[in-house]
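A quick write-up on the structure given underneath.
The values are calculated or read from the model by the stated rules, or taken from the named source; none is laboratory data. Treat the numbers as computed from the prediction; the structure is a model and nothing was measured. In this analysis, Cβ positions are derived from the backbone assuming ideal geometry, glycine residues included, and neighbour counts consider all displayed protein chains.
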Ligand SMILES: *Cc1c(COP(=O)(O)O)cnc(C)c1O
């Protein structure tokens with residue numbers, strides 16, 4: 001019997017240039033983003049400038065985490081306590097958490113069979129015009145039809161915030177993921193596409209919106225030092241009426257992210273080669289369903305999702321266990337109790353009046369998830385796929 005031996009949570013080491021850059025910051029003692037020598041940009045200023053340039057975005061702000069970036073995106077969008085915000089029912093806990101943190105109420109939208117937001121349910125829920133904001137989560141890197149999203153946002157005058165935690169480096173129809181949004185938020189947490197342990201990046205195009213986000217992040221009125229920010233005049237009317245919710249990024253994290261950003265596209269290509277191997281092996285089992293991706297979607301395969309349609313919960317639990325015993329860690333989104341990084345929408349019990357989302361229940365009940373860290377080789381992915389197919393086919 002074949003076994004897999006590597007860890008599903010082991011990242012690649014940081015490069016020598018990242019370690020060198022971090023050492024220089026530590027030797028300087030100037031770790032705070034606004035602690036600069038006169039006229040010199042800080043590592044955080046440069047990261048913001050470089051990430052904006054990488055995407056082709058107008059403005060960029062580095063924050064303490066992806067979830068924090070989404071929270072201040074809500075605030076910068078003008079969301080007020082009691083407002084209703086449309087968002088995916090299939091997402092990760094920081095997304096409804098950020099909505100809750102802004103005092104707003106999530107209106108959860110069903111997931112479709114392709115793991116993207118259900119566009120018909122979205123249109124139905126937008127058409128009541130109760131919500132002014134759509135927080136669209138590209139959960140596990142699945143990008144919904146962004147042309148239809150744009151039409152829906154235009155038709156119902158929705159402010160679009162994109163959660164691009166899993167789509168940094170991905171594109172829709174050659175446009176970098178996040179550029180269609182009024183605000184897009186990225187994460188640099190260890191399990192995303194660039195790694196600073198914790199961290200977030202927020203991009204926006206409107207002067208006022210970005211000025212508000214910068215003040216919220218805790219600018220101590222040093223906003224004129226930012227290099228990917230609107231001109232100081234944009235801050236005039238908002239700087240005294242916008243609270244400081246301290247959540248800045250520091251120079252140490254920015255210094256290790258900058259060299260990673262230069263290699264991001266290369267890393268995405270490496271993820272996609274691994275994804276392709278795993279995808280091809282898994283498709284050899286008749287019991288495994290992997291929805292086809294849309295032609296316009298240039299995703300980053302840093303994780304893979306598949307469905308075991310029509311297979312009972314008890315059998316899925318058994319499959320997950322058997323794969324685990326052979327060294328392959330699968331996550332099941334149908335689990336009753338939230339565990340690991342997965343949680344089902346019905347475990348977010350702080351949301352009042354949780355709707356019945358029968359389609360989402362159904363999709364999640366057969367949905368499995370597998371991480372693809374870059375410490376795995378393509379032949380590792382071949383082996384992992386063979387083990388899964390073996391376990392699934394034998395359990396039927
Ligand atoms: C990781 C993640 C975030 C943000 O996470 P942080 O850990 O706060 O950086 C947001 N949305 C999704 C879907 C995520 O996976």
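Residue 150 falls short on exactly one of the conditions (1) assigned to a loop (DSSP other than H, G, I, E, B); (2) farther than 13 Å from residue 55 by Cβ, and that condition is (1).
To keep it simple, each residue is scored yes or no on (1) closer than 20 Å to residue 186 by Cα; (2) surrounded by fewer than 24 Cβ atoms within 10 Å (Cβ to Cβ); (3) modelled with pLDDT under 95.
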{"residue": "14", "(1), (2), (3)": "yes, yes, no"}
{"residue": "25", "(1), (2), (3)": "no, yes, no"}
{"residue": "30", "(1), (2), (3)": "no, yes, no"}
{"residue": "34", "(1), (2), (3)": "no, yes, no"}
{"residue": "51", "(1), (2), (3)": "yes, no, no"}
{"residue": "58", "(1), (2), (3)": "yes, yes, no"}
{"residue": "64", "(1), (2), (3)": "yes, yes, no"}
{"residue": "73", "(1), (2), (3)": "yes, no, no"}
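Between 247, 197, the distinction of being surrounded by fewer than 23 Cβ atoms within 10 Å (Cβ to Cβ), within 16 Å of the ligand (Cβ to nearest atom), more than 25 Å from residue 15 (Cβ to Cβ) and modelled with pLDDT of 95 or more belongs to 247 only.
Listed here are the residues, each with its yes/no results for (1) under 30 Å from residue 104 (Cβ atoms); (2) surrounded by 21 or more Cβ atoms within 10 Å (Cβ to Cβ).
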position: 283; (1), (2): no, no
position: 298; (1), (2): no, no
position: 304; (1), (2): no, yes
position: 320; (1), (2): no, no
position: 324; (1), (2): no, no
position: 333; (1), (2): yes, yes
position: 343; (1), (2): yes, no
position: 364; (1), (2): yes, yes
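Going residue by residue through segment 185-194, is there one that turns out to be surrounded by 21 or more Cβ atoms within 10 Å (Cβ to Cβ) and more than 22 Å from residue 258 (Cα to Cα)? No, segment 185-194 contains no residue that is surrounded by 21 or more Cβ atoms within 10 Å (Cβ to Cβ) and more than 22 Å from residue 258 (Cα to Cα).
Please go through segment 48-77 and give me each residue that is within 15 Å of the ligand (Cβ to nearest atom) and in a loop (DSSP other than H, G, I, E, B), ordered by number. Selection gives 64, 65. Only residues that are in contact with a helix residue (DSSP H, G or I) (Cβ under 7 Å, 6 or more places away or on another chain), in a strand (DSSP E or B) and within 16 Å of the ligand (Cβ to nearest atom) were counted in segment 153-178, giving 3.
With respect to being touching a residue at least 60 places away in the same chain (Cβ under 8 Å), surrounded by fewer than 23 Cβ atoms within 10 Å (Cβ to Cβ), away from the ligand (no atom under 16 Å from the Cβ) and part of a loop (DSSP other than H, G, I, E, B), residue 270 falls outside the description.
Applying the selection to segment 308-339, what residues are in a loop (DSSP other than H, G, I, E, B) and more than 22 Å from residue 391 (Cα to Cα)?
Initially, segment 308-339 is screened for residues in a loop (DSSP other than H, G, I, E, B), giving 308-312, 326-330, 333-338.
336, 337, 338, listed by residue number.
Is it fair to say residue 31 is within 30 Å of residue 208 (Cα to Cα), in contact with a helix residue (DSSP H, G or I) (Cβ under 7 Å, 6 or more places away or on another chain) and within 16 Å of the ligand (Cβ to nearest atom)? Before you say what the answer is, go through the steps one by one.
Working: within 30 Å of residue 208 (Cα to Cα): yes; in contact with a helix residue (DSSP H, G or I) (Cβ under 7 Å, 6 or more places away or on another chain): yes; within 16 Å of the ligand (Cβ to nearest atom): no.
Answer is no for this residue.
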